[in-house]
Structure formats: structure tokens, C-alpha cells
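Here is the structure we will look at.
The values are calculated or read from the model by the stated rules, or taken from the named source; none is laboratory data. Bear in mind the structure is a predicted one, so any value in this text is a computation, not a measurement. Please note: Cβ atoms are built from the backbone with ideal geometry, for glycine as well, and neighbour counts cover all protein chains shown.
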């Protein structure tokens, strides 16, 4: 192995590499630009991926804030139905979206309860299954909370750089990366822009005019049927213990001067029927509402909240989300 | 900080910019040293202290060994260096393993002992930098090196970020002389260095993580459900994954170092084209095998004390080499098997060398394929979660277990990747990597680099650490 890089023999070995690299780089840039232009022409716009990185940045904002932040917890219903910007405008309170798609919000609530710097408002959307089944707490939200506490400064810088790329270029949209594209094309599917792209504040405005709504509704119902089949709702003492567990989290936040409000967000049609059949309101929500010291709001009790249509059975269209958010702040008496 | 991350690209751009500013060589070395600490602190800032301990102890030990007149004093300071470096390695890497085995031994003796979980976090790359730092005091003790006059050079040698966390393990005699005069890459070297970085990332991100890794994970994650084809394909996938992952890291490291004007030793030389196990170890993780050969195998007596002692020495070296890779019995078994294979090869050679003609292309290819197949079987112990899982997979490889884990697409993808990997290594086995690539016309190299860069730009964003970081 040579110990110096200065010999002429070595220099000869490197000949032409700078030119090769420069031309290769230029060719790659030209092709990438053409790729970018093609997908932009097909109606795609830059999309931010909802992942642990951006969630931990938001969670950190809560930690670094004045302790009075309004935190939106829940799953996709919170992310698609409540616009944090509108919520902020209506209430004047700094608002952070910490809902995690397809995952129980209770691990995040437990984390906020343990965070002594937090004494703000928590709006927690509870799906019936999150309330009735303790095993749901082992999902993605628990993992993200754990990772948040282990995160290094370099991961935060990495997330910010990745956000910069994602918010400016279509080619980084996961649905257009070659592996996903291949899956779609071989499955006979035409790539389409996402109908609920995430904003940088983690709100996901859903535009159902972009997709085949009948097909989506059918898929949602099938998914809900699977969830219902696998459901193992708690009963009796076990459910009472779960309520006490949640109440302990609520008390800790209330003791610090914070406030917790639990929400049952709208669902419609077949999805609502399946939810009611598996986790009847009287047996779960009402029992919980009667016990907890937190305020509880069930959409069905408020005409202002129950008149909204959920095109896919589970979420609101973005045209309704702003109005729903304002009405929600009104119902909760949070408007400034 | 991972090479396959955006933060590293930013970091490297800043480091290269600083390295090309009109500053004195001393300031540039200081910049590199600070950048290396920052690079390491990206994982866990407090563990930078371990780097400082290794640096200080070996710096002082080296000076004392050289200055000592009495053998006892020389031995004392060498012992100090060995104790501190191997002590750090032992505590962080093997603490939990030793405790676990101690508890198991007590249980066998009927003594119930339930200690609290030690909760030791393994500092990334500790096996690499402790060995590297140790090579300095060992070389001074052996009279191969004089104490280096500049502490800054020595600190840079221990912490140089391109190879800090996963090698190549660079010897002081290879690195320190490079610190004497200002290192600055020529434009062509910069081009080659960056091309190597791209190629290494391609090996890691596309070949290891995207093509091979998911299949290996699927099979090794559920060994009980693997059938004959699944087990073999999963093992082939892992053999490709670990090669592209580790060789990819070394290629990146050598490329990044060259961009800064430093030359690092080659760490892989088409290892799957080896015809025999001793040749495999001359081609795979060369910096570790040569370290173990020079500082352990030769110290034990090497091949100078007769065939039996040679076998024992080789086996002991390989056992420790196995344990270096991880605190688990399956790593020890993996090392033990390689020790046995080296001994068996030596014995077979002594009997058959003059009787069988292995100079023909067919015989050479058969030898290479046989070596590769056996190496693949040994990888089962390396990759499996534990020895139980390894034996389960070996049973599946002999057809003793039914299963249907992998899709036809996954099987054909891995078979294709393996054929290309083996064919490439076979064709290039006698060539120098850079010389071989330099024979390709510049425009074809440009086209290949464009494909590499495009693949990286469009690769899935999932970040996977390099496998060897855990060692």
C-alpha cells in the first residue's frame, strides 16, 4: 500500500476521474430534473412524509414552549379533521399536532403527563378501540415516544435537511420512489398525487375529489371489519382499571394547571355502525365520561359537530375541516 | 453520523471547504481532529471521553515504553495500554455477556442469582479505535515505531473520522507519516475519492439495504418458518448484504480520506473469489485479519512451532476474532469454525497439494464456489440471533424443515444478485480495484456514476446503520 499520494504513478491511476464524475453528476442532474418536471406536469406537488423525525420536532416544540401550548392528540381523525392553524387563529394559543396515524394517543398523553414542563391544553381524540383495548398502547405511538427521549441532535439536523428536500422536490415523495412505483405499475395502478398530503404543521387536508371515493369507502369498511374481528374489548374490572389508568394521567396534568379534553370525533355510515356494535357508546364512552375529571365531548351530542359528512366514513374533507375546527373551539368555549 | 445521511453530506462539504482554506497545516489538522470528535459525538457525545482516554493512555504509554531501559518497565506500560484499551472494550462490549454467563454458570451449580440488568450501552466503533490506538504502543514495544513527536498527529490518527467507527483499522506506521507534510488531494484524486464515496454508498444503500437486507431479515427473523429454499436464499442474501455493507463502508472511508489527501489501506480484495479459507482471510476485512495475524497469531508462535501448535494458534486467533465481532456464543462458534476450516485446509493441502492439479480454470472455479458455499454456511452463525436460531436454519438448509417464507420475486432477485456478485469478483480477483476501473473508458464511467447518483437520489429514505457499527 502506498504511503503517499504524491507519486506520478499514483497520479496516473486517478487520471480522468474528475471528468467522469463531473459528466456523471451533470447527467444525473439532467435526468433528475426531467423526472421532477414529468411528475410535476402530472399534477404532483412536493409532499412531506409523516414520520418519527417530524413528529419528534413537533414534540420538542411542546417541550421548548412556554408550557401553555395546545396539543392535538389522536390518530388520523385528528390529523385530517382539525386544522391547527385555524385552531390557533380561533383560540390565540400556540397549537401543535401530535396525532399519530393509526395509533393510540394514550402513550403520548402519558408522556405529556410525565413532562413537568407541560401545563397546557390537551385535546385528545379517542377512537372507541383505543379506549376499550389496552393492548393498543403498544403500537407506533409508544415507539415514537420512546425514540423521542433517545433522539440525538444529529437526528434533528437530519430531519430538518430531509424536510428541506421533501418540501421542495417531488422526486423524494415516497409514492414515486422506484420500488413503490414498480409495485403500483405492476399492480395496474396509475400513480396519483396523495389525496391527504401532510403540511409542515402535520395537518393533512383531505381532498376527496381527487380519488375514487366509493373505492376508498369500501376499503375503509373492509379495514374496519378486520379491526372489529380482531377486537378484544375490555369489560368489567379490567375496563375500570383502564379508566383509572387514564385518569391518573389526566390528574397529573390538571394538578399542574393544565387541561385535558377527550373528544369522540365524527364517523359516519357503516363505519359508525360497526364502531357502535363493537364498542357501544353506553358501555364504553359514557362510562368513561362519567368517571373522568376531564371534559368529554362526543360529536353526536352537538349538532354543530354532527352535521358534517365523512366522505370515506371516517374523516372530513378539507373543505369542512376548517369549519369543523372553528365549531369545535366554539363548543369547547376556547374562542378568544 | 452515517455516511448514508444528509447531515454527513453537509458535514463533509464543510470539512472539505475548511481543508482547502489557506490555513497552516497544523490548523488544518486541528480542524480535522475537531471535526472527527463532532462526527463521533453525533451518536453519543459523552462517549468522546473514551476516545480521549484511549488517545492519552497510548500516547503516554508509547513514550514511556520507548524511554524505559528495563524490560519490566516496558512491559508495565504495554500492560497499561492493553489493560485500558481491552478493559474499555471488555466492559462496554462484553460486560453484559460475561454477567449473563456467570449467572447461567451459578444456576448450573444450583445457586440462584438475579443481578440487575447492567444496561451498558455499546459505544459505536469501540472495537475499531481501541485496536487502532493499541497498535501504536504495540509497534513501539516491538521496535517497529518510534514515539511520534506530535500529540496532535497522534490524536488525529486515533480519531480520523472516515475510518473511526468501522475501519479499515489503520496502523500508526501507515497513518502518522502522512501527517508530516500537508495533505491535499489533487483534482483527479478528489474525483476518484468522491466516485468511491458514491460507489460505497451504492453498495450500502442499494445492494445491501434495498436488495439483499430485507430478504435476509425476513429469513433470519423467522428461522422456524424457513424451508430449504428460504434458508439457502436467506443465507445467500446475508452473504451479499454483509459484503456490500462492510465493503461499502470501507470504500466510502477510503474515498473520503482521499478527498482530504490521506491514503487508507485496502480492506477488501474481492473476498468471495477466494479459493480456500486462508485466501479468504487475506481478502476479507484485511485490516483486522492482518492485525490479528501480526499482534496475536505471530505472538503465539505462528507456524514456527510445529503443525499442532500452528493449528492451536490459528484456532485461538480465529476464536478471538469471532468474539471481537460480538458478545455472543454464536460469534465464538463462527470464529471456531473458521479456525477449524483453516486447520483443515492446511492439513488437506499438505496431503493433496502435489497430487491434485488445481491450475485449470474449472478446478479453480470449483474451489472458489466450494469456498463460497462453506463461507455462506458459517455466516448463519454470524447473523442468527442466537445459536438455537442458527441450528434451526441449518436444519432448514438440509431440508429438515418445511416452510414457505420467500416470494418467487425475492428468490430470483437474490439469485441474480449473487450471480453478478460472484462473477464480478471472479473476473476482477487478480486486479487492483482502481486499476481495473481505470481501464473503463471515461464516458462509460460517467454513465455508471450517473446511474449510481440517480439510484442514491431515488433510494428509499430509510436510514440503516452499517452492520459493523455494532462491533
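Things worth noting here:
- The residues listed here are A:57, A:29; of these, the one that is in a helix (DSSP H, G or I), crowded, with 17+ Cβ neighbours inside 10 Å and either modelled with pLDDT of 95 or more or more than 9 Å from chain B (Cβ to nearest Cβ) (or both) is A:57.
- Residue in region B:315-325 that is on the phi > 0 side of the Ramachandran plot, outside the structural domain of residue B:123 (by TED's automatic domain parsing), over 18 Å from the mean Cα position of the chain (by Cα) and in contact (Cβ under 8 Å) with a residue 12 or more places away in the chain present: no
- Looking across A:207, A:201, one residue alone is within 21 Å of residue A:104 (Cα to Cα) and touching a residue at least 40 places away in the same chain (Cβ under 8 Å). It is A:201.
Every residue, every condition in (1) over 30 Å from residue B:194 (Cα atoms); (2) not in a helix (DSSP H, G or I), yes or no:
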site	(1), (2)
B:211	no, no
B:217	yes, no
B:237	no, no
B:241	no, no
B:244	no, no
B:257	no, no
B:261	no, yes
B:281	no, no
B:289	no, no
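- Test for residue A:35: is it within 23 Å of residue B:446 (Cβ to Cβ) and touching a residue at least 40 places away in the same chain (Cβ under 8 Å): yes
- For region A:54-69, a residue qualifies if it is touching a helix residue (DSSP H, G or I) at 6+ places or on another chain (Cβ under 9 Å) and touching a residue at least 60 places away in the same chain (Cβ under 8 Å), and the qualifying residues are A:54, A:55, A:56, A:57, A:59, A:60.
- In region A:1-26, the residue that is farthest from the other protein chains (Cβ to nearest Cβ) out of those that are at pLDDT below 50 and assigned to a loop (DSSP other than H, G, I, E, B) is A:7.
- Some residue of region A:110-131 being assigned to a loop (DSSP other than H, G, I, E, B), under 19 Å from the mean Cα position of the chain (by Cα) and away from every other protein chain (no Cβ under 14 Å): yes
- Residue within region B:232-254 that is within 11 Å of chain A (Cβ to nearest Cβ), within 19 Å of the chain's Cα centre (by Cα) and modelled with pLDDT of 90 or more present: yes
- Residue within region B:327-347 that is more than 27 Å from residue B:433 (Cα to Cα) and exposed (fewer than 15 other Cβ atoms within 10 Å of the Cβ) present: yes
- Lone qualifier among B:174, B:188 - being without any contact (Cβ under 8 Å) to a residue 40 or more places away in the chain, surrounded by 15 or more Cβ atoms within 10 Å (Cβ to Cβ) and within 14 Å of chain A (Cβ to nearest Cβ): B:188
- Within this structure, residue B:447 fails the test of being part of a helix (DSSP H, G or I), surrounded by fewer than 18 Cβ atoms within 10 Å (Cβ to Cβ), at pLDDT below 90 and facing chain A (nearest Cβ under 8 Å).
- Verdict on residue B:12 being closer than 22 Å to residue A:153 by Cβ, touching a residue at least 60 places away in the same chain (Cβ under 8 Å) and more than 14 Å from chain A (Cβ to nearest Cβ): no
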